[in-house]
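The values are calculated or read from the model by the stated rules, or taken from the named source; none is laboratory data. Just so it is clear, the model here is predicted, and its values are computed rather than measured. No Cβ is skipped: glycine too gets one built from the backbone with ideal geometry, and neighbour counts run over all protein chains shown. Heads up: the accessible areas ignore ligands, DNA and RNA and are worked out on the full protein's heavy atoms, side chains in. Shrake-Rupley method; radii C 1.70, N 1.55, O 1.52, S 1.80 Å.
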Amino acid sequence: VPAKITAKLRIEKKGRGGKTVTVVYDLPNNAAFLKDLASHLKRACGTGGAVVDNTVEIQGDLRDRVRDALAKKGYVVKG
């Protein structure tokens with residue numbers, strides 16, 4: 001895992017039955033790191049989520065909460 005991490009955010013609806021998810025992508029390809037990050041974000045947002053294809057998906061449009069949680073961990077956040 002690199003010292004400086006840049007995380008990018010986007011919202012997706014397609015293929016989810018109209019449900020919205022917040023996707024955090026462009027993260028290091030490390031399963032343990034992604035699992036820990038997903039767990040931290042789910043607790044910070046009070047919602048469910050999952051690790052899918054080297055991205056972290058958080059249920060709902062929670063860009064502001066996710067952005068704050070990532071910034072507190074010292075990550076650079078775009079999107």
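Between rounded, prolate and oblate, where does region 11-51 land on the alpha carbon gyration tensor, with a ≥ b ≥ c its root eigenvalues, rounded for a/c under 1.5, else prolate if a/b exceeds b/c?
Numbers: a/c = 2.64, a/b = 1.48, b/c = 1.78.
The shape class here is oblate.
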Subject >> Extension reserve of the residue 31-residue 47 stretch, reckoned as 0.36 nm per residue once the Cα distance is removed >> reply: 3.7 nm
Original post:
Once every DSSP H run of n ≥ 4 in the chain is given -39500 (n - 2.57) and the sum is divided by its residues, what mean residue ellipticity at 222 nm do you get, rounded to the nearest 500 deg cm²/dmol?
Top reply: -10000 deg cm²/dmol
**OP:** Calculate how steeply helix 31-45 sits against the longest principal axis of the alpha-carbon atoms of the chain, using the helix alpha-carbon long axis, and give the answer as 0 to 90 degrees to the nearest 10.
**Re:** 60 degrees
Subject >> ³J(HN,Hα), Karplus 6.51/-1.76/1.60, whole Hz, each residue of region 73-79, x for Gly, Pro >> reply: 7, x, 8, 8, 10, 10, x
**OP:** Taking only protein heavy atoms into account and a 1.4 Å probe, give the accessible area per residue of the chain in Å².
**Re:** 61 Å²
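So, by mean Cβ neighbours within 10 angstrom, what's the order for 60-66, 47-53, 14-20 with the highest one leading?
Numbers: 60-66: 17.3, 47-53: 14.3, 14-20: 8.0.
By packing density, highest mean first, the sequence is 60-66, 47-53, 14-20.
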**OP:** Just need the Rg to Rh number for the chain, please, alpha carbons only, Kirkwood Rh.
**Re:** 0.93
Subject >> Net charge of neighbours whose Cβ lies under 15 Å from the Cβ of residue 15, counting Lys and Arg as +1 and Asp and Glu as -1 >> reply: +2
Original post:
How many nm separate the modelled label positions at residue 16 and residue 78, each set 7 Å beyond the Cα in the direction of the Cβ?
Top reply: 2.1 nm
Original post:
Got a sec? What order do 78, 72, 35, 42 fall in by accessible area at 1.4 Å, biggest, i.e. largest, first?
Top reply: 72, 35, 78, 42
Original post:
Ignoring ligands, DNA and RNA, what percent of the accessible area of the chain is carbon or sulfur (1.4 Å)?
Top reply: 46 percent
Subject >> For residue 21, residues with placed amide H under 5 Å, excluding near neighbours >> reply: 12, 60
Original post:
Taking the Cα centre of region 8-67 as origin and charging only Cβ (+1 Lys, Arg; -1 Asp, Glu), how large is the dipole, in debye to the nearest 20?
Top reply: 200 debye
